[in-house]
């Protein structure tokens with residue numbers, strides 16, 4: 001239990017950070033009840049509110065924007081399928097919380113209090129500070145009950161998922177088979193029977209080409225197309241208009257000193273002796289006496305600390321590891337343990353230390369961190385941050401003016417460009433409904449082909465193409481949708497049909513050759529050896545997936561073995577397996593690595609299977625599912 005609380009204090013830090021962002025994925029039950037409005041969904045009576053869904057959507061948007069460096073089309077987040085995926089994820093996670101609660105996997109109030117009091121966000125000089133705690137709650141608009149409910153749900157969910165993810169089973173035999181199958185290498189030679197050699201044997205007349213044209217009109221349709229000039233208002237383009245003074249840089253450094261500091265962390269081992277809870281004071285006395293006796297053994301033979309921890313310690317999370325509890329920062333352990341560990345030097349052993357868990361003997365193993373990067377080394381980065389913040393503020397200030405300049409002075413983009421400190425650029429041909437390279441995503445193309453731009457020949461209003469970028473466009477040239485004339489495409493159709501027929505002849509010949517080879521007949525072919533052996537771990541780059549699959553599934557009890565497949569580019573490809581190279585001796589490190597990956601994969605499958613089964617038997621209703629549906 002000591003190890004459980006120690007580990008989950010780190011979870012508390014993460015949860016608090018998510019709340020601060022404020023893109024918290026989980027809502028708080030008391031907060032949901034006070035927010036009013038109908039539930040967006042219910043899971044066995046537990047509500048998912050609209051605000052909880054909106055928070056999840058904003059978090060996903062923030063994560064995707066960060067991954068794509070701001071170049072994400074906001075229209076993606078209006079997509080019904082995207083929203084349904086978010087709701088489904090919330091329903092599954094809410095269901096896990098319901099099941100965890102039913103299984104008694106929520107932390108107790110006492111454990112929760114210890115986690116919160118141990119969080120660095122609520123401490124002053126290593127001690128829990130009620131004033132700092134209250135101030136933090138007021139700043140987030142939360143009550144203690146709301147935060148506690150939130151933490152309970154997150155921790156319960158984490159325990160539920162870990163129950164499956166960390167318990168996937170992989171037998172030694174399966175791991176061995178997986179390694180040998182994955183690392184087996186097959187030496188392969190190829191022959192490609194291309195359509196080109198058969199082109200002289202086929203003919204396509206005009207009537208066949210016209211028939212194809214008439215039956216495939218969609219293939220020759222041309223969409224609406226337009227060329228535009230455009231201006232982008234971007235926070236980046238405003239950076240040159242900003243500056244960061246020495247005083248501003250110093251002030252920022254002082255206010256964010258923690259960002260440039262590595263807090264000291266300590267790694268310790270301990271022996272925990274727990275009293276018998278039924279024995280009262282006598283039990284505590286007996287436990288202390290046992291701890292004192294073990295301490296004498298440790299003093300006499302410090303090198304046997306790990307051995308004694310394995311023998312005597314009652315902390316199941318660390319005893320098997322010689323008492324090692326890993327690295328931790330100031331305030332992450334219960335106070336008596338924390339105070340003792342941070343008073344020791346590496347290699348020193350404490351006396352008997354009493355905490356709510358029992359009696360500890362602590363050995364400090366290692367110290368790391370505890371340094372701050374000097375201002376001079378981060379001055380340039382801080383200046384950049386300050387300038388970016390100012391540019392962001394300037395962007396917000398100019399956004400409305402930019403929109404007004406583009407829309408009200410609709411016969412030219414020059415006023416908007418001057419305001420944005422950006423050039424007027426020209427696009428290539430843009431097709432309606434077909435997104436192109438940045439910035440021509442959905443919303444931008446909708447603006448390009450709007451009536452204002454196409455029919456009225458006006459500037460568009462400002463379009464948000466990213467959180468810090470606005471776009472305005474003006475038409476240069478336009479071509480309506482239509483269909484290409486047969487005369488313009490007849491030659492291309494004939495060539496296409498000829499190549500299709502030649503490909504069919506090549507495939508027919510390839511299949512005949514494969515049958516001969518598999519029968520043991522001799523066939524005159526020029527085989528080209530693969531540059532690298534083919535394996536499941538490293539498939540050949542110039543072999544398509546279907547041919548690779550056939551090569552790896554081929555019966556190699558008698559070599560050479562032959563397989564073949566129609567080429568996606570036309571024609572046929574024959575493959576000859578010439579030799580098989582098995583993997584060498586499998587060391588323990590490789591076996592352990594494969595086993596861990598397999599256990600994780602199986603654990604994730606177990607979790608998803610559990611969620612799927614639980615959904616079938618749960619009472620789930622939402623605006624996206626039939627009322628009172630099961631799953």
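The values are calculated or read from the model by the stated rules, or taken from the named source; none is laboratory data. This is a predicted model, so every value here is computed, not measured. Don't worry about glycine lacking a Cβ; one is built from the backbone with ideal geometry, like all the others, and counts go over all protein chains shown.
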Residue 401, sole failed condition from (1) in contact with a strand residue (DSSP E or B) (Cβ under 9 Å, 6 or more places away or on another chain); (2) at pLDDT 90 or above: (1)
Some residue of the stretch 76-86 being in a helix (DSSP H, G or I), at pLDDT 80 or above and within 19 Å of residue 154 (Cβ to Cβ): yes
Among residues of the stretch 467-487, those that are surrounded by 14 or more Cβ atoms within 10 Å (Cβ to Cβ) and either under 39 Å from the mean Cα position of the chain (by Cα) or free of Cβ contacts under 8 Å to residues at least 12 places away in the same chain (or both), counted: 8
Condition broken by residue 37, with the remaining ones in (1) at pLDDT below 80; (2) within 24 Å of the chain's Cα centre (by Cα); (3) farther than 27 Å from residue 332 by Cβ; (4) outside any helix (DSSP H, G or I) satisfied: (2)
Residue 590 being touching a strand residue (DSSP E or B) at 6+ places or on another chain (Cβ under 7 Å) and in contact (Cβ under 8 Å) with a residue 60 or more places away in the chain: no
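Here is a check on your reading of the model: is residue 412 more than 30 Å from residue 210 (Cα to Cα) and surrounded by 15 or more Cβ atoms within 10 Å (Cβ to Cβ)? Spell out how you get there, then give the answer.
Working: more than 30 Å from residue 210 (Cα to Cα): yes; surrounded by 15 or more Cβ atoms within 10 Å (Cβ to Cβ): no.
No, not satisfied.
Give, as residue ranges, the helices (runs of 4 or more DSSP H) completely inside the stretch 354-450 that count at least 3 residues that are under 36 Å from the mean Cα position of the chain (by Cα) and more than 30 Å from residue 288 (Cβ to Cβ).
Numbers: elements: 375-408, 414-420, 442-448.
Here the list reads 375-408, 442-448.
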Selected residue (only one of 288, 299, 330 is under 19 Å from residue 118 (Cα atoms) and in the same structural domain as residue 346 (by TED's automatic domain parsing)): 330
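Of the residues 564, 571, which is on the phi > 0 side of the Ramachandran plot, surrounded by 16 or more Cβ atoms within 10 Å (Cβ to Cβ) and in contact with a strand residue (DSSP E or B) (Cβ under 9 Å, 6 or more places away or on another chain)? Step through it out loud before you land on a result.
Numbers: 564 fails: on the phi > 0 side of the Ramachandran plot.
The conditions single out 571.
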Verdict on residue 540 being touching a strand residue (DSSP E or B) at 6+ places or on another chain (Cβ under 7 Å), exposed (fewer than 15 other Cβ atoms within 10 Å of the Cβ), at pLDDT below 95 and assigned by TED's automatic domain parsing to the domain that holds residue 203: no
Qualifying position, being at pLDDT 90 or above and either surrounded by fewer than 16 Cβ atoms within 10 Å (Cβ to Cβ) or outside the structural domain of residue 511 (by TED's automatic domain parsing) (or both), among 555, 587: 555
Filtered residue count, the stretch 243-265, keeping only those that are in contact (Cβ under 8 Å) with a residue 60 or more places away in the chain and either over 33 Å from the mean Cα position of the chain (by Cα) or assigned to a helix (DSSP H, G or I) (or both): 9
Hits in the stretch 266-282 - residues which are in a loop (DSSP other than H, G, I, E, B) and either at positive phi or in contact with a strand residue (DSSP E or B) (Cβ under 7 Å, 6 or more places away or on another chain) (or both): 274, 275
All positions within the stretch 305-327 that are at positive phi and either in contact with a helix residue (DSSP H, G or I) (Cβ under 8 Å, 6 or more places away or on another chain) or surrounded by 18 or more Cβ atoms within 10 Å (Cβ to Cβ) (or both): 322, 323
Hits in the stretch 539-561 (condition: in contact (Cβ under 8 Å) with a residue 24 or more places away in the chain, touching a helix residue (DSSP H, G or I) at 6+ places or on another chain (Cβ under 9 Å), in a loop (DSSP other than H, G, I, E, B) and within 14 Å of residue 185 (Cα to Cα)): 540
Residue in the stretch 415-445 that is surrounded by the fewest Cβ atoms within 10 Å (Cβ to Cβ), counting only those that are without any contact (Cβ under 8 Å) to a residue 24 or more places away in the chain and in contact with a helix residue (DSSP H, G or I) (Cβ under 9 Å, 6 or more places away or on another chain): 418
